Each structure stands twice: as structure tokens, then as C-alpha cells.
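Heads up: the structure comes next, in C-alpha cells.
Values in this text are rule-based calculations from the coordinates and carry no lab data. Just so it is clear, the structure is predicted and the values come from calculations on it, not from any experiment. A quick note on method: Cβ atoms are made from the backbone with ideal geometry, for glycine too, and the neighbour counts reach across all protein chains shown.
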Amino acid sequence: MFIFKNALCNLIRTKGRTVLISVIVIAIAVASSIAMAINNAAVWAKQSELENKTITGSISVDREKMMQKAMSNTGQNGARTLINSQNSGIDEITLETLEKYADSSHVQSLRYTDSISASANSDAFQKLSSVGTSGQSTRTGGPGGGFGGGQTQSDFTLTGYSSADAMTNFTSGAEKIVDGEIFEFNSADYNCAITKELADYNKLSVGSTFTVGNPNNSAESYTLKVVGIYKQESSSSTSNNSREEDIMSSSNNIFANYKTVADIQEKSKATAVSKTVSGPGGQTIESSSVFKPRVSNTFVFNSKSNYDAFVSEVRQKGLSEDYTISSADISNFESELVPLENLSKFTKIFLLVVLLLGAIILSVINIFNIRERKYEIGVLTAIGISKPKVITQFVVELLAVTIISIVIGTGIGATASVPVANALLSSQVEAQKSKSETTQQNFGRERMREGAQNTQGAIPGNANPFGTSNNAKYIDKVNATVNLTVLLELIGIGILLVTIASIASAGFVVRYEPLQILADRN
């Protein structure tokens, strides 16, 4: 008890030293609490945000491995050839396999589409091809060529959707029905939706029918019925084509349900014709007129943890390493976190520097304090107080000041953490945007984008022809609050700093001899 009373009396008696230590510890606590709040906010944003949002992912062929296998299969004779899934030996994943993987407790739903290329089968229904000086579209001049007649002509893209949820452009508002309604999804009814531009161009309305053909077989045709006409509210093209080509290509899209497109493919197999043609390098290639489907898939998950569990599960179910599983949602979210991650790394380094300097400063102050109070140490040890108890007194003095100062500093840090964190984060966001713009300029993409705007008008949605955006939605505000966890961590850090300072100064107490101290005093 004497040790604690004496420690309290010394704190009151040496007010100047006590205030100095308090100011230093408060400054350390303020800086540390803000840094730790920012780090906690970054961790919370990365974990809880992904856990509380819907994640989509897809399974696709690993293009890099496909290229490697294709080159090994076709490169032995030194001939150049088209690299695709056919000569690589890697098949596109089937719907049956996708549905097997979708039968999982981790998957909320499976969306899929099947796209085929179709040709204009008559002059009555033609694609939009180009825009003349008067602003009117011009016709292509006749139906598509037949199978084997050189390069086949694909005028339209017919896409079949598994459900309304799979039509993400409609759910997001990028496209919407302006006449009629969307088709049903439960039967192969050959109903479809076309763009308003294509409907006006071919003088079609809801209830009209038109015919499309197989670009590889002129004798094969299918009749579709228009039940809906939709308008494109914005463009999200990511190709390198010109703005005009993007408009024409998207305007020639025809939407139907998946069963309709699958039924067309089955009928195409029944009437298929084959032919052997010469490929690159003089190779012979067996070609068929069957529609070549392009199946895409989207798995929907309630959280990132379910997505991660699904990735492990499908590998266990036998998904080959020739296929990759990816999530654009996770990739996009991680890119949005870049400024916050950069700020978090900076604050971690700053926190380490602050704590290191704090430990050094407290150690130096404590050493000087002990040297100044050498006579007091001699008196205490002369009257029978052991040296460990004397050391304990100095530890209690420093610990009491440190804990009280940490509580005060944490309160100040809690008040300043949110505005300081958001101000620092804003500067990181601006730096990241500047870096992105510099990268665009280095590749000349900004000049191309400005040229496209000058010749074609403003690009909707701030998209550019290269598929990169200068308006990424970075996270620019965080709730970097100081909570009880941060306070307890700071108190733990304070105890650690006191321990370091006490160890550094304990050696001086141990080597002092009381009689020698009193003799020197006399």
C-alpha cells in the first residue's frame, strides 16, 4: 500500500513531468485510435459488405489453358490455325452439368442464356446495317448466304434466357419494354422481343411474325412472333468497335426464352448437313451446319462465404482445372476498395511508427526521471524497501498516467476519427482517379474517347470504346468509429509501452547501491 500511496504523491508533486507524459500519451492515443478505426473500417467494409450483398459467379473455359492445349494439338506441323475449344479438346460446359452444380445449398439460383447466330432469310426482314448521311438505316441487300458459300453471314444474334432474372439489362433498367410484354419462359413458343429500331426498320409491330435462317444452311428457316418491343435506355458496350457499329449490333439482337432457342438447335441437328473444307495450313476440317450455341451461366449466391464454399464444392464434384470460376461482383468490389485498402496500409505503417516513437520517448523520459530521483531510490532501499518494489512504484506512476491519458486520447480520437478518415480517404480516391486517367492517357484511350464523343456525341453512361471507366464508384466514405474494442486494444498497447519503458529503466534502479547514493548525496 505504501508503494501506491507514494506513487500517487509523486505524480502530484512532479506536475510538470506528469503533464508532459500525459500530453505525449494523449497524442499517441489520438493518432493510434484514428489509425485503428480506419483499419477496422476497411476490414468491416471488405467482410460485412460482401456478406450482406448478392454475389454472382460463372463457370467458363480457362482461355489460357485452352490456348496452350490448342497450340500443342495443332502446332506440331508448324501451321497456324484458329485456336478454339474444338482443337483444344476442351468442351464448353453443358446445361446438365451446370444444373448439377446448381443443386447445392450454397446456390440461391442459376441463370443461363443460349445465343446463336441467325441470318436474314428474306428481304421482308433485314438487319440494320449502317447509318447514312440522312440518319436513316440502309438495307444489306438480300438474305444471308448458304452453307459452304465462303464466309457465312450472321445478321442477328438470337439469345434465349432461362428466366426473367437472367435478363439483367431489363432488371437494371438499361432496357425496357415499350410495347407489348416480355415472352413466357416455360415453353418453346417461338415468341420473341426485338428492339424498337429493328421493329420500325422492318415495319413490325406486336403480333407480327418474321423468319430467320441458319447462316450455314440456306434451306433452314424458323418463324418467330413479336410479343414485345424494347428500347435500349443506355449503352454499356465494352468492345473496340465504333459507336455506330455498337448501335447497329445491339439493335439487331433478338430475345426469346431458352426453350425456344434449344428447340431451334434440336431441329437444326435433324436437318444438318456436313462438308469437309480446307482449313489454315492446308488442314482438312469437318464443318457442320448445326447452330453453334454459346451458353453462358450465372450462379447467384447470398454471400461471399457461400460463393467460396461453392468453389470448393464444384471442384470436389469433379470440375476440371480446364475451367475457371470467377465473380465480376467480387472483382468490382475489390477495385472499389482500392483507395480504402491503400489508406489502411498507410495507417498501419503510421501506427507502427507512432508506437515505436512513443516507446522510445517514454523510455527516455523514464530513464531521466529515475536518474533525477536517485536519492529517493537510495532512501527507499535504505529503509528496507526492496528494489523490485521500488521498480513497481515507477511502473505504477507511469501506468496510471498512461491509462488515464489513453482514455482521454481515445475520446478525442473518437470525435475526430470519422472526419479525418473521410478526408484522408477522399485524397486517396482522387489519387486513384488521377492514376487511372494517366494510364488511359498513356495508352491513348482518352484521345480516342474524345474523338468518339466529337463525332458521335456523348457516350451514354460515361462508357468509352475500350471498356474502361474513369468514373469508378470507389468507396469514399467510411464509418471509422472508435468502439470498445479499439479502447481495449489501446489500453493493451499502453501497458506494452509502459512495460518497455520500465524494462529499459529498471537496469538503473538495480545497479544503484543505497549507501553509495547517500554517501554521494552527503
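Taking the Cβ of Ser119 as the centre, find all other residues whose Cβ is under 11 Å away and add up their charges (Lys, Arg: +1; Asp, Glu: -1).
Working: positive: Lys127; negative: Asp155, Glu220.
After counting each charged neighbour, the total is -1.
What is the fewest-to-most order of Glu489, Glu51 by other Cβ atoms lying within 10 Å of their Cβ?
On the way: Glu489 16, Glu51 13.
Listing Glu489, Glu51 from fewest to most nearby Cβ atoms yields Glu51, Glu489.
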Members of Lys46/Lys176; Lys53/Lys259; Lys127/Lys203; Lys348/Lys473; Lys231/Lys433 lying beyond 22 Å, as alpha-carbon distances in this model show: Lys46/Lys176; Lys53/Lys259; Lys348/Lys473; Lys231/Lys433
Local electrostatic count, Val178, Cβ distance below 13 Å [Lys/Arg +1, Asp/Glu -1]: -3
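Quick one: order Cys9, Cys192 by neighbouring beta-carbon count within 10 Å, fewest to most. Could you put the intermediate results ahead of the total?
Values: Cys9 11, Cys192 24.
If I rank by nearby Cβ atoms, fewest first, I get Cys9, Cys192.
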Local electrostatic count, Thr94, Cβ distance below 12 Å [Lys/Arg +1, Asp/Glu -1]: -4
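Given R₀ = 51 Å, FRET efficiency for Glu430-Thr14 by Cβ-Cβ distance, to 0.05? Working shown, then result.
Numbers: r = 48 Å, r/R0 = 0.93.
Step by step, r from the Cβ atoms, then E = 0.60.
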Order of Phe2, Phe346, Phe170 - criterion: other Cβ atoms within 10 Å of each residue's Cβ, fewest first: Phe2, Phe346, Phe170
Lysines with Cα under 19 Å of Lys387, excluding same-chain neighbours fewer than 8 positions away: Lys5, Lys374
